[in-house]
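First the structure, in the form of structure tokens, and then the observations on it.
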Amino acid sequence: MTPYLLRRFAYAIFVLWGALTIIFVTIRIVPGDPASMMLGAGATEEDVAALRHRLGLDEPLPVQYVQFLGDAIRLDFGNSLWLNRPVLSSIGERITATARLAVTAMAIALLVSFPLGILAALKKRTFIDGLVSVVSLLGQSVPSFWLGIMLILVFARQLRLLPSAGSDTWKHLVLPSVTLALPLIGVLTRLVRSGLLEVMYEDYIRTARAKGLDPRSVLVRHALRNMLIPVVTVAGLQLGNLLGGTVIVETVFGWPGIGRLLVDAIFNRDYPLVQAAILCITATFITINLIVDISYVYLDPRIRLQ
Amino acid sequence: MESPAQESGRRIYELVRRRREGTISRRAFVQAVTALGLSMPLAAMLERRGLAALQESAPSGEITIVLPRSLVALDPHGAQSVEEATAVISSHVFDTLVVRDAATGELQPRLATSWQAIDETTWEFKLREGVTWHDGTPFTSADVKASLERVQSLEGPLAPLWALVTEVQTPDDLTVIFKTSEPQGTIPVSAALFFVTPAAHSNDEGFFDNPIGIGPYKFVSWVRDSELRLEAIPDHWAGAPGVQTLVFRDIPEVSARVTALETGEIDFTFGLPADQLPALAENSELRIDSTPSYAYYFNWFNCSREPFTDARVRRAMAHALDLDTIVNDLLQGVGVRAQAPIPSTIFGFAPQTPYEYDPEKAKALLAEAGLENGFETHVIWNPGSGPQDRELVQAMISYWAEIGVTVESREMERAAWLDALLALDWDMDFQTNTVRTGDADFTLRRLYVSSANRTGYANPELDTILVEAAAAADPARRQELYAQACKIIWDDAVGIFPFELLENYVYRTRLTDFVPTPSAVPVFTSVKIAE
């Protein structure tokens, strides 16, 4: 497995470099300038020019790019222009909050979608199956900003059970993670259902049944394990998305996550912060993909990592 | 007739007030109150803690406040120094030399007890005696000097206010002298925005993540984008604050913020959109204090671009708008019609003759300028700059269409808009603006002197007036000069100045004694919690 990992590592470095280069170029192509954003509408041209010089923004782009890559290799991302503090500490705080939310949402989604999907598959083409399909379709199609605000109205404003915004206690975690989990439940339930229906007609299931195994162990040991690969793949990708920040839900619930930080950084043209945040999000995504790939080996012994 | 006891009470009160303002010395104060029959210990206590010492005044309770925009940094000198969120926290943790009274608009003593222009280029501030930082270190002139130098070296948005200061002298611990390269009458005004931070620590790494302050509240903790906590200083020199703990929470989404206010999760917020206010006004658990602010809308013309080089065209555009109807339809409770190029709350404000809504006159003016068939132009604007901005742009565009002027709306993201604005790459610009210092100089000189070249408008007469107004130390003379400047900018229609904005502070009725301020930087020191 070691050569495989080395190759994956090299590939990861390449992807990171690509992501960094694209973000380096795009954020500089769009109109707007960090120095004038920092100084505001009242600044004179000389003020802006002086600040650009101090920040090194008046250097030619290739010079800035080489400088930036050199710093990135040493993991030196410098100070945020807008927050005036090291970008890594800002990102560290935010990514922890985001991870808390993402992992909770994913856990809720898995805990709900597996039973629902199995139920729907076992009761195929009954009323229950239809109900589960409708619910999962709704979960997928309801926009999260609407759902979030509705949950606030019902659970915070009417019932006064949960706080409307903030991130201090587990109570604050409930509404945003449910908001994020619902679309995932939609996707995963459908995957579990269709995956299970597919394997149920495979020969080995028939064999298992013919051996006289009880239906429960046919389901758990033979069927479920074999339909896990697409579910793990999709769940992994979705977890990567969640860890990349969920701007809308973070904004609605006042959650201090990385998505809001990144958007604010972009609006403020805070080049160092945007670059480091993108790097972090890309690295997270790559790591999760790698974990998903490695998990295939354990889920399906026929797969060997080449 | 006053009884002798009432008479002495009044005199003691008066003495305490004068002592607070620093107009009498500590010794004279103690002598005067002991002469009125107070014991020495009581006199000393009054000296130290003011009238608060006589009241049942221990701070108590906790209130939760949500500011309209997230707090980004606590450093009151750097890039965030004009952000309202930063200023609100700084007003509690740090302090300024002088403060603009929220109710009267006058400059009042704070860390400085008195100030005067010694000559044309020298301002002297006498500092308050016996003030200490929250770690017990005495406050001295060295702190003021270091803070000012920090403002200058960080080159933030406040730095231009102090650009003419060439030297800060500290002849003794309680005297600071600002030397300027040219006469500058606005130094005391600028001092109201200038927060003093401790000389010994301000440049320490991470100091502003856990600052040592000097204000009525001390810093306790801050979790970014979540919650910041402050605790009252019970024996603060200006008296004990009413509330023990101030919690500032971050809830960016308006509906979540309104819900939190209605359910009592939070006690205080402001800067809500106009459409939220009617429902909140009907809620008997809430109170709304509506007050004229330092903020206003303007629609500038690029006076260096055809056809706006012609003042008749600019005036025609102004006569085309039915501003009273727009205010009624769109700005109920959040704005009123403006009467000058600066809001009525600003020092230097002088009301002007309104441009009447008169489409016929507007068309006649256009015809005079050779544009009887109208023309095409555009307006740049940045969404979110003020209340109902999109609706206002649409309303103005439809009024202008009626006089034959086709205006394209160019909505831009803030950074892109700022680029275009500063490059003078636009025909018209619609935006809000805030006169941070509460003084006309901040807006008029910065934006309208020819050398600033912000609107393409150049008028040597106006330049002379604005430069003299900035230099003059005499407030009456400055007022007179700004009245002239307001008239020129208004009559030449460098822009249309349609609306000034109101600030609506919304809070739960359990809070009392809040003093609304036009600056959008509310201070909670006076607030108490009703039983």
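Bear in mind that the values in this text are calculations on the coordinates, not laboratory data. This is a predicted model, so every value here is computed, not measured. Positions of Cβ are generated from backbone atoms using ideal geometry, with glycine treated the same way; all protein chains shown enter the neighbour counts.
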Whether region A:1-131 is rounded, prolate or oblate, judged on the alpha carbon gyration tensor where a/c under 1.5 counts as rounded: prolate
- request: Report the net charge of residues surrounding residue A:219, where surrounding means a beta-carbon distance below 12 angstrom and charges are Lys +1, Arg +1, Asp -1, Glu -1.
  value: +3
- request: Just order B:153-162, B:101-110 by mean Cβ neighbour count inside 10 Å, highest at the front, would you?
  value: B:153-162, B:101-110
- prompt: Efficiency by 1/(1 + (r/R0)^6): what FRET value for residue B:25 and residue B:135, r their Cβ-Cβ distance, R0 = 22 Å, to the nearest 0.05?
  reply: 0.25
statement: One would report the antiparallel percent of DSSP beta bridges in the protein assembly as shown, rounded to the nearest 5, as 75 percent
Karplus-derived HN-Hα couplings along region B:187-193 (A = 6.51, B = -1.76, C = 1.60, θ = phi - 60°), whole Hz, x at Gly and Pro: 4, x, 5, 5, 5, 6, 9
statement: Here the gain from full extension of residue B:245 to residue B:424, 0.36 nm per residue of separation minus their alpha-carbon distance, amounts to 59.7 nm
query: Once you charge only the Cβ atoms, +1 for Lys and Arg and -1 for Asp and Glu, what is the size of the charge dipole of region A:66-187 about its Cα centre, to the nearest 20 debye?
result: 400 debye
- prompt: In peptide B:255-267, how many Cβ atoms from other protein chains are near each Cβ within 10 Å, on average?
  reply: 5
query: By the scheme Lys and Arg +1, Asp and Glu -1, what is the net charge of all other residues having a beta-carbon under 15 Å from that of residue A:14?
result: +2
query: Quick one: if you stick a label point 7 Å off each Cα along the C-beta vector at residue B:477 and residue A:294, how many nm between them?
result: 7.8 nm
- request: Determine the shape class of chain B: with a ≥ b ≥ c the square roots of the Cα gyration tensor eigenvalues, call it rounded for a/c under 1.5, and otherwise prolate if a/b is greater than b/c, oblate otherwise.
  value: prolate
query: For chain B, what is the mean residue ellipticity at 222 nm derived from helices alone (per DSSP H run of n ≥ 4: -39500 (n - 2.57); sum divided by total residues; nearest 500 deg cm²/dmol)?
result: -9500 deg cm²/dmol
- prompt: Counting only other chains, what is the mean number of Cβ atoms within 10 angstrom of the Cβ of each residue in peptide A:26-38?
  reply: 4
- prompt: Which of the aspartates and glutamates could be linked to residue A:211 by a straight reach, that is with a Cα gap under 15 Å, when you skip same-chain ones fewer than 8 residues away?
  reply: A:202, A:203
Kirkwood Rh, angstrom, region A:57-110 [1 / mean 1/r, Cα pairs]: 13.6 Å
- prompt: How many nm separate the modelled label positions at residue A:64 and residue B:515, each set 7 Å beyond the Cα in the direction of the Cβ?
  reply: 4.6 nm
message: Roughly how far apart, in whole Å, are the Cα centres of region A:246-305 and region B:243-308?
response: 34 Å
message: Limiting things to C-alpha atoms, what are the Rg and the maximum Cα-Cα separation (Dmax) for region B:243-300, in angstroms?
response: 13.6, 46
message: Considering just Cα atoms, how many Å³ per residue does the convex hull of region A:215-306 enclose?
response: 114 Å³
task: Give the span of region B:439-496's Cα atoms along each principal axis, as three whole-Å numbers ordered largest to smallest.
output: 30, 21, 19
- prompt: Exposure proxy check: B:132, B:140, A:284 ranked by fewest other beta carbons within 10 Å?
  reply: B:132, B:140, A:284
message: Using only alpha-carbon positions, what ratio does the radius of gyration of region B:192-274 give when scaled by 2.2 N^0.38 Å?
response: 1.32
task: Over the Cα atoms of the protein assembly as shown, compute the convex hull volume and normalise it per residue, giving Å³.
output: 219 Å³
- prompt: For region B:407-531, what number results from the quotient of the Cα radius of gyration and 2.2 N^0.38 Å?
  reply: 1.37
query: With respect to the cross-link table entries B:145/B:528; B:145/B:487; B:179/B:487; A:123/A:171; B:218/B:528, which display a Cα-Cα separation exceeding 28 Å?
result: B:145/B:528; B:145/B:487; B:179/B:487; A:123/A:171
- prompt: Taking every residue in B:413-421, how many Cβ atoms of other protein chains lie within 10 Å of its Cβ, on average?
  reply: 6
task: Give the calculated FRET efficiency between residue A:204 and residue B:283 to the nearest 0.05, with a Förster radius of 60 Å applied to their Cβ-Cβ distance.
output: 0.40
task: Quote the relative contact order of chain B in percent (integer), defining contacts as alpha-carbon pairs under 8 Å separated by 6+ residues.
output: 18 percent
message: Which of A:192, A:30, A:234, B:393 has the fewest other C-beta atoms within 10 Å, and how do the rest follow up to the most?
response: A:30, A:234, B:393, A:192
query: By how many degrees, 0 to 90 and rounded to 10, does the Cα axis of helix A:127-141 deviate from the longest principal axis of chain A?
result: 10 degrees
query: Is chain A rounded, prolate or oblate when judged by the Cα gyration tensor, a ≥ b ≥ c being the square roots of its eigenvalues, rounded requiring a/c under 1.5 and prolate requiring a/b larger than b/c?
result: oblate
message: At 7 Å along Cα-to-Cβ for each site, give me the label-to-label distance between residue B:491 and residue A:103 in nm.
response: 7.1 nm
query: Listing B:137, A:282 from the residue with the fewest other Cβ atoms within 10 Å to the one with the most, what is the order?
result: B:137, A:282
